[in-house]
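Notes follow once the structure below has been shown.
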Amino acid sequence: MDITSYLQRILFSGPIVPDIQTLIAIHEQHIYQVPFENLDIRYNQLFSLQLEKVYEKIVTQMRGGFCYELNLIFNWLLNKIGFSSKLISSRIFDDAGNPGPEFDHMLVHVKTDKEYLADVGYGDLFIRPLEIRAGVQSDGRNFFKIEKYNDENFLLSMSPNGIKFQKKYIFNLMHVTPDAFEEICLYKQTNPESYFVKNTICTKPTKTGRVTIFNNKLIEKTTSRRFEDIITDENHLKKLLRTKFGIELGLSM
């Protein structure tokens with residue numbers, strides 16, 4: 001495991017120093033280059049939270065991954081560069097407005113001269129890290145608010161226009177280790193009621209919009225248009241993964 005290969009994987013070529021400019025740049029590059037995807041679940045292959053195996057998948061095999069994988073390896077990269085960063089937990093709000101269980105989602109808390117929230121594993125959220133402070137922030141696409149939820153937790157909300165905000169998740173700044181996520185990670189991979197067992201997802205933003213595979217559809221969106229195509233069979237799916245995401249699935253899939 002080395003950071004040079006990792007930085008090449010995300011096409012980052014800037015200065016490697018632990019400052020806010022570098023944090024913003026590598027966060028953006030990670031989001032643009034490494035898709036959120038649950039293809040292992042589709043092909044009945046359990047993924048691991050062992051750091052070496054995640055590195056092999058994301059960096060060597062040029063795959064994407066799940067929130068636990070993506071933020072786990074991103075935190076490792078930040079630490080190697082010299083950032084003060086740690087893993088933290090969050091609870092994602094469901095459609096009824098209720099927060100999920102603890103360890104529902106993994107995040108990264110980063111300290112420079114200020115404190116930041118990093119998340120390269122949500123699927124469709126902020127492109128740039130957010131400062132943990134009151135007030136509205138923008139990543140150039142959407143607007144975000146971080147505010148106190150209760151004595152222990154913060155609330156992250158998102159808006160397309162800076163006016164009407166939707167609750168995304170609550171989080172606290174307590175450091176947690178990867179093993180704390182293992183039980184719910186296994187549930188999301190194996191339980192028939194899990195959203196990620198029921199659905200196949202591969203998505204990443206582009207400079208002008210987003211490209212997504214959702215079950216049997218390819219969806220490409222820009223600021224001015226939306227294109228959908230039906231995925232006809234397994235060969236068609238693998239071709240789209242290769243051409244749209246740079247993912248070459250192994251023979252076992």
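Bear in mind these aren't lab numbers, they're just calculated from the coordinates by the rules spelled out. In this text, all values refer to a predicted model and were calculated from it rather than measured experimentally. Neighbour counts are summed over all protein chains in view; Cβ atoms, including those assigned to glycine, are modelled from backbone coordinates with ideal geometry.
When residue 22 is tested against (1) surrounded by 16 or more Cβ atoms within 10 Å (Cβ to Cβ); (2) closer than 19 Å to residue 245 by Cα; (3) of a type in the set (Ser, Thr, Tyr), exactly one condition is not met: (2).
With respect to (1) loosely packed, with under 11 Cβ neighbours inside 10 Å; (2) in contact (Cβ under 8 Å) with a residue 12 or more places away in the chain; (3) under 30 Å from residue 87 (Cα atoms), the lone exception for residue 206 is condition (1).
I'd like to know if segment 75-86 contains one or more residues that are in a loop (DSSP other than H, G, I, E, B) and either within 18 Å of the chain's Cα centre (by Cα) or aromatic (Phe, Trp, Tyr) (or both). Checking segment 75-86: at least one residue is in a loop (DSSP other than H, G, I, E, B) and either within 18 Å of the chain's Cα centre (by Cα) or aromatic (Phe, Trp, Tyr) (or both). Among the residues making up segment 154-166, those that are surrounded by fewer than 17 Cβ atoms within 10 Å (Cβ to Cβ) and either assigned to a strand (DSSP E or B) or touching a residue at least 60 places away in the same chain (Cβ under 8 Å) (or both) are 159, 166.
Figure legend. Inter-residue proximity from segment 88-104: first residues within 20 Å of residue 176 (Cβ to Cβ), second residues hydroxyl-bearing (Ser, Thr, Tyr) and in a strand (DSSP E or B), beta-carbon distance below 7 Å, spacing 6+ or different chains. Indicated pairs: 90/169; 91/169; 92/169; 93/169; 102/89; 103/89; 104/90.
Among the residues of segment 237-253, which ones are without any contact (Cβ under 8 Å) to a residue 60 or more places away in the chain and out of contact with any strand residue (DSSP E or B) (no Cβ under 9 Å at 6 or more places or on another chain)?
Passing the criteria: 238, 239, 242, 243, 251.
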